[in-house]
Each structure stands twice: as C-alpha cells, then as structure tokens.
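*Asks:* Got a structure for you, questions after.
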Amino acid sequence: MIAELGHFALILAFCVAIVQGLVPLIGAHKNWRGWMAVADPAASAQFLLVALSFGALTYSFVTSDFSLQLVFSNSHTDKPMLYKVSGVWGNHEGSMLLWVLILALFGAAAAWFGGALPPRLRARVLAVQAWIGAAFLGFILFTSNPFTRLAEPPFNGQDLNPLLQDPGLAFHPPFLYLGYVGLSMAFSFAVAALIEGRVDAAWARWVRPWTLAAWIFLTIGIALGSWWAYYELGWGGFWFWDPVENASFMPWLLAAALLHSAIVVEKREALKSWTILLAIMAFGFSLIGTFIVRSGVITSVHSFANDPERGIFILAILAFFVGGALTLYAARASSMQAKGVFSMVSRETALVINNILLAVSALVVFVGTVWPLVAEMAWGRKLSVGAPFFEKAFTPFMIILAILLPIGAMMPWKRAKLGKLVRPLVPALVLALACAGLAWTFETGRSLLALVSSGLGAWLVFGALAEIWQRAGRTPARILRLPRADWGKCTAHSGLGIVFAGIGLLMAGQVEDIRVAQIGEPFEVSGYAITLESVEQFDGPNYVSTTGTLKVERDGKLITVLHPEKRSYPVQAMPTTEADIDNGFLRDIYLVIGDKQANGGWAVRTYIKPFANWIWAGCLMMAFGGLLSLTDRRYRVAAGARRTSTNAVPAE
C-alpha cells in the first residue's frame, strides 16, 4: 500500500509540474496576476508530492519490502541500516527519484524565498523549473518506475553493490546531485531572462546565490567522491579522470566561470550574452553527466550502465532543453548589449581571461571524455584516453589561471595601472618563491612538479591574504569588519592554493611498495619499518573479513598499528579492499592487504602519501569560502531584489 501511495504521488507530481509549467507562463505573457500566482503553491505541492514518493521508497528499503523489484535488487535483510537508506539512491531508479526531489526542492525554495522577485520573472523561472521537473518525472514514470512490484516476492534480496556500502558513498551522491540539479536554477533564470528580453545587474544579483549554492554542493560532492576513491578502492589514487568523474568536474568548472562572469554583469553591465550562455551550458553539462552515467555508452566503475533506450530518452531531454535554450539565446542575443566600457588592464579583462581558461579547461575534459566514443563510432577503433592526456592538456590552463588569479583579484574596475597593482603583491611573491625553494630542498627527487605546485599554491594563498590586507586599507582593525563576501573569496582562493600544493607534492613525492610479506618479518619502506603481525578472519554484518594487523615503526618507535581488510560479500559474491590509513598533516601511511600466497606470505601494498589530506582540506576550504560568501547580506536574493524590484524588468 505504501508503494502504491508513492507511485500515485509521483503521478500527481507529474500533473502538477505540467500545470506549473503552463499556467504561470501564460499568466506572465498576458500579465494575469492570478495565473502567475499559481506558480508558488504549485512548486510547493510538487515538492511535497515528490517528497512523499521518496519517503515511500525509503520506507520500503528500511522495512526490506522485497515485493518491490528495486528493493529486491539492491538490498538485503543483513545490510546495516545506513546502507539500507543509501540503497534508495544506490541504483538508477532511486537516484533519479532523488534527482527529481532535489529539483523540486530548488523550485520550492525559489517560491518560498523569492517573494521580492518581480512577479513575471518569478513566474517564468518557476515555469521553466517545472518543465524540467515534468520531463524527468515523465522519464521516471515511463522508463524507470521505482515502484514496480514482483509477482512472487522473494524472502531476501540480492544486496547492494559492495563498493557502495561505505559512508563516503552514502553521502557523496546527495551532495553531488544538489550541485548538479542546483544549476537548473541558473538555467531557469537564464531562460526566463531570455523570454523577458532583458539581462541587467538585478538579474545577476538574483542568479548568483543559486549558482554559488550549487557550486558549494558540487565541490563537497566531488571531494567526497575523491576521498572515497582514495581509501576504498585500494589503489591509493584520488582522481582517475574516469568519465563519470569528468562528468561532475565539467559543470564545476563552468559554474565557477559563471560565478565570476555574473560579477561583471552585476558590477559593470558587461558580458551579458556570455553569462547567459554559461548558465545554459553549466546545466547542459549536468545533463550530459546524467546521460553518461545512465546510458551505458561509456564504461565506468561509477556508472549505472543501463540500457541505451533510457539514454536516448535523456538525450532527448538534453536536446530539448539545451537546444531550445540556445535557439532562444540566438534569437535574443542582439538585445543583450553590454553597457560597461573597460580597458585591457582592468578587473573586467581579468575575469574574461578567467572565464576563457575555465571554459577551455572544461572543453578539454569534454573532448578527452567523449573522444573514445567518437573514435569508435567514426572509425571503429577502440581508444583509451587516460591520465597522461588530461594532465598534459588540462594542467597548463590551470597553471596560467593560478598565476593570474591573485593579480586579477587586486585589479580595480574599468581601468588599472600594473605598477601600482603589483607592488602590494611583492611580499606574496617572495613568500611563494620561498615555499617553492623549500619544497625543492626537501623533495629528495628534486621534482619540478613539487617546485611549481608548491610555489603556485603559496602564491594563491598569500595573494588572497594580500588582497584582504589591501581591502582593509592596511589597517588591522578594519580586517574583521570586511564583508563576508571578501572573506569568502579569500578562503576559497586559499583553498584552491592548498589543493594545488597538495596534488603536486603528493604526485611528486609518493612512494609505492608491493611485496609478499611474511608474518613476523619486518620490511622497510621510505624509512618506516613495517611488520605483518597476524592475519585473521572476522564475520561482519553481511560480509566475511580477512583482516591484517601491521605494526609501523620508525627509528625503533611505534608510529601506529593498522588493520587493512579484504572483505567478501557472499550474496553479491564480490570482494572489496578496505585500506587502513594513518592520516597525518604531512603524510599518510596507506596499507592494503591482498591474497595469501603459495609460500605462506601475504600480498601487501604500502604507499607513503605526502600531503594527501591537503587536497580534501583545500576542497573543504573552497566550499566554506563559498558558504561565507553566501551568508553575506548582499548575496541573498531578497537583499538585492528589494532595491531593484521596481525597475528590474520592464512592463510588457
């Protein structure tokens, strides 16, 4: 009965979405306030109905209702409760329901907190959001119904993919979807502005908080996925340039470009066409990511690899919304003329360069991701595009971006003088060079990568601090009185610098050792004495664990005792590797236990990972910086809207 209630709520949500997409749009065109007013309650009703449906599916997983095909295929009675809940979105149908729930949540939030928006613009934004919701609700109902019943319910289920039974993967998809789907708001604002035929500073103020929120969630989601890959897969890496990883990274790059471009629209009424295009393409690449994950056209450890028919449906949605938006963009491009005039040396120019670098970087990732598919379709050749291509093609743009970022952030609007601009950054440059020299001195391999990455990372951090000092008028008492947006930018740019340094130092200094270890016989890796003391078997809730106990010492002193595992899940008949890691500020000791060998020893992999945690610490700093900016009064939709709602959109 609960499942049928959830299915019925989903059908009602589909009907409400169609009403929400039609009535306010007509009302805005005719200036019928009653029809426009339908958007707000319809958005709330759609969210509540989808939430009811999602709750019904969650209840079915928690209670192990194996009469549902989805629960039978992705759950088991012995599975811990956390993974029963996360199993709701650990599959195609449930994850699509979560996708639509978040989409409806953003639409409802725009209705709840967008009261100061002009009525016509709000009605059109909510209508566009509703049409996206209707398309995906239709996709779920017609191709991916999560409430399909089995004629003969089994006594138990087939369990969830063991790789997904991990806390990192329990929280990674919701954050990632909040970012993916959150970009739909920027898309809806862009299409609404194109229908209005006007893009101005007020529009930029309204769209920036939504884009910033999506970017924050996307940053956290990508960081969680990277962290999971690092400790769960047992290979010691944090990024593989996998197609699904790339599918989340491309919208992140474009969302970052959109955030910076919207600043120019707000402050100088320039880059209007480009900002609208970025809003369309950022969400468009989110849809491309959805297509890659669910169509099965590209093989990935992360993908659901469903049948191509579903992929065609998603491709049709992508073509309709992105193609329709681009057509409207082409028709309206002439009306979006820039007003602000600026010189070649100005903050506007710096932000244009920033946008170009981010957009081209996203294009490089896109080409590398789809090229194997293109090569197979066009020439029948199976190609693999791996890390070497991405590192050589992508890295130069990021280096240029890191060099220019502190300089561009210090530039005034309209016109700047380089000599006057560079002087406050001289201390930051000296400190950055000192950090680079320090890395070169302590890096035994004398790696150029360590030199460049540490120097660029320090340049970003000290450059951001120099900007804060400059904005405070070089007066300590004024620093704490600076707007939160300034501190948010400083924190985010510093976080990026820490990520730069962490990635470079990790890749330059990591040590890998693979050997057969005998119990009780120590071996040395990079100055650490490691001893396999015992290997035992334990029974987990729904798995059998082979657990090693390894003692790590240095100079005769005990550093840590680690317990890496190799788990076997009987229901799925699938093993997983559970590394154990001694995390440190400057290094990680990373141990993996393998299979027993013929001579009685055990395969053991040891990694020494310098500065690994700096990568995720930097990502969290970037997300926290975005959150700081989001709490600034000037970034809230209502704050800017109240001042401009009377003249932001002309009457028709």
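*Asks:* Scan region 83-96 and give yes if some residue there is among the polar types (S, T, N, Q), over 25 Å from Gly179 (Cα atoms) and part of a helix (DSSP H, G or I), otherwise no. Talk me through it step by step, then tell me what you get.
*Replies:* So in region 83-96, the residues among the polar types (S, T, N, Q) come out as 86, 91, 95.
From what is left, the residues that are over 25 Å from Gly179 (Cα atoms) are none.
No, because not a single residue in region 83-96 is among the polar types (S, T, N, Q), over 25 Å from Gly179 (Cα atoms) and part of a helix (DSSP H, G or I).
*Asks:* Still on this structure: Identify all residues within region 111-158 that are under 30 Å from Arg205 (Cα atoms), at pLDDT 95 or above and assigned to a loop (DSSP other than H, G, I, E, B); write none if there are none.
*Replies:* If the condition is that a residue be under 30 Å from Arg205 (Cα atoms), at pLDDT 95 or above and assigned to a loop (DSSP other than H, G, I, E, B), then no residue fits.
*Asks:* Could you check region 413-438 and list, in sequence order, the residues that are within 24 Å of Lys267 (Cβ to Cβ), loosely packed, with under 14 Cβ neighbours inside 10 Å and of a type in the set (A, V, I, L, M)?
*Replies:* The answer is Leu418, Val422.
*Asks:* Also, quick follow-up: Checking Leu178 against (1) surrounded by fewer than 24 Cβ atoms within 10 Å (Cβ to Cβ); (2) modelled with pLDDT of 95 or more; (3) in the same structural domain as Phe47 (by TED's automatic domain parsing); (4) not small (Gly, Ala, Ser), only one condition comes out false. Which one?
*Replies:* (3)
*Asks:* Val345 passes all but one of (1) among the aliphatic types (A, V, I, L, M); (2) closer than 18 Å to Lys267 by Cβ; (3) in contact with a helix residue (DSSP H, G or I) (Cβ under 7 Å, 6 or more places away or on another chain); (4) not in a loop (DSSP other than H, G, I, E, B); which number fails?
*Replies:* Exception for Val345: condition (4).
*Asks:* If you don't mind, another one. Given the structure, is Glu512 in a strand (DSSP E or B) and either under 30 Å from Arg423 (Cα atoms) or acidic (Asp, Glu) (or both)?
*Replies:* In short, yes.
*Asks:* Same structure, new question: Regarding region 370-377, can at least one residue be identified that is modelled with pLDDT of 90 or more and among the charged types (D, E, K, R)?
*Replies:* No; the residues of region 370-377 include none that is modelled with pLDDT of 90 or more and among the charged types (D, E, K, R).
*Asks:* Among the residues that make up region 25-42, is at least one of them over 26 Å from the mean Cα position of the chain (by Cα), among the polar types (S, T, N, Q), part of a helix (DSSP H, G or I) and at pLDDT below 95?
*Replies:* Scanning region 25-42 turns up no residue that is over 26 Å from the mean Cα position of the chain (by Cα), among the polar types (S, T, N, Q), part of a helix (DSSP H, G or I) and at pLDDT below 95.
*Asks:* Sticking with this one: Among the residues of region 461-508, what is the count of those that are in contact with a Pro (Cβ under 8 Å, 6 or more places away or on another chain), of a type outside the set (Gly, Ala, Ser) and closer than 20 Å to Ile407 by Cβ?
*Replies:* Total meeting the criteria: 5.
*Asks:* Regarding Phe171, is this residue surrounded by fewer than 22 Cβ atoms within 10 Å (Cβ to Cβ) and either in the same structural domain as Gly107 (by TED's automatic domain parsing) or in a helix (DSSP H, G or I) (or both)?
*Replies:* Working: surrounded by fewer than 22 Cβ atoms within 10 Å (Cβ to Cβ): yes; either in the same structural domain as Gly107 (by TED's automatic domain parsing) or in a helix (DSSP H, G or I) (or both): yes.
Yes, satisfied.
*Asks:* Quick check: anything in region 492-506 touching a strand residue (DSSP E or B) at 6+ places or on another chain (Cβ under 9 Å), assigned to a helix (DSSP H, G or I), over 26 Å from Phe217 (Cβ atoms) and in contact (Cβ under 8 Å) with a residue 60 or more places away in the chain?
*Replies:* yes
*Asks:* Here is a list: Ala330, Ala338. Which entry is modelled with pLDDT under 85 and small (Gly, Ala, Ser)?
*Replies:* Ala338
*Asks:* Continuing with the same structure: Looking at region 553-573 only, could you name the residues that are in contact with an Asp or Glu (Cβ under 9 Å, 6 or more places away or on another chain), of a type in the set (A, V, I, L, M, F, W, C) and not in a loop (DSSP other than H, G, I, E, B)?
*Replies:* Of everything in region 553-573, those that are in contact with an Asp or Glu (Cβ under 9 Å, 6 or more places away or on another chain), of a type in the set (A, V, I, L, M, F, W, C) and not in a loop (DSSP other than H, G, I, E, B) turn out to be Ile559, Val561, Leu562.
*Asks:* Search region 240-280 for residues being out of contact with any Phe, Trp or Tyr (no Cβ under 9 Å at 6 or more places or on another chain) and in a loop (DSSP other than H, G, I, E, B), and hand back the single one that is surrounded by the most Cβ atoms within 10 Å (Cβ to Cβ).
*Replies:* The extreme case among them is Leu271.
*Asks:* On to the next question. Determine which single condition Glu443 fails, assuming it passes every other condition in (1) under 30 Å from Ala270 (Cα atoms); (2) touching a Leu at 6+ places or on another chain (Cβ under 9 Å); (3) in contact (Cβ under 8 Å) with a residue 60 or more places away in the chain.
*Replies:* (1)
*Asks:* Please pick out the residue among Ala648, Ala638 that is at pLDDT below 90, part of a helix (DSSP H, G or I) and out of contact with any Lys or Arg (no Cβ under 7 Å at 6 or more places or on another chain).
*Replies:* Ala638
*Asks:* Being of a type in the set (S, T, N, Q) and in a helix (DSSP H, G or I) is true for just one of Ser73, Ser64. Which residue is that?
*Replies:* Answer to the selection: Ser73.
*Asks:* Output the number of residues of region 380-412 satisfying the condition of being surrounded by fewer than 16 Cβ atoms within 10 Å (Cβ to Cβ), outside any helix (DSSP H, G or I) and in contact (Cβ under 8 Å) with a residue 60 or more places away in the chain.
*Replies:* 2
*Asks:* Looking at region 554-588, which of its residues are surrounded by fewer than 16 Cβ atoms within 10 Å (Cβ to Cβ) and of a type in the set (D, E, K, R)?
*Replies:* Selection gives Arg554, Asp555, Lys557, Asp582.
*Asks:* Of all residues in region 57-77, how many are without any contact (Cβ under 8 Å) to a residue 40 or more places away in the chain and within 30 Å of the chain's Cα centre (by Cα)?
*Replies:* Count: 3.
*Asks:* Looking at region 474-483 only, could you name the residues that are exposed (fewer than 10 other Cβ atoms within 10 Å of the Cβ) and not aliphatic (A, V, I, L, M)?
*Replies:* Within region 474-483, Thr475, Pro476, Arg481 qualify.
*Asks:* Hey, does region 453-470 have a residue that's outside any helix (DSSP H, G or I) and of a type outside the set (Gly, Ala, Ser)?
*Replies:* no
The values are calculated or read from the model by the stated rules, or taken from the named source; none is laboratory data. Model, not experiment: these values are computed from the prediction. So basically every Cβ, Gly included, is an ideal-geometry build from the backbone, and we count neighbours across all protein chains shown.
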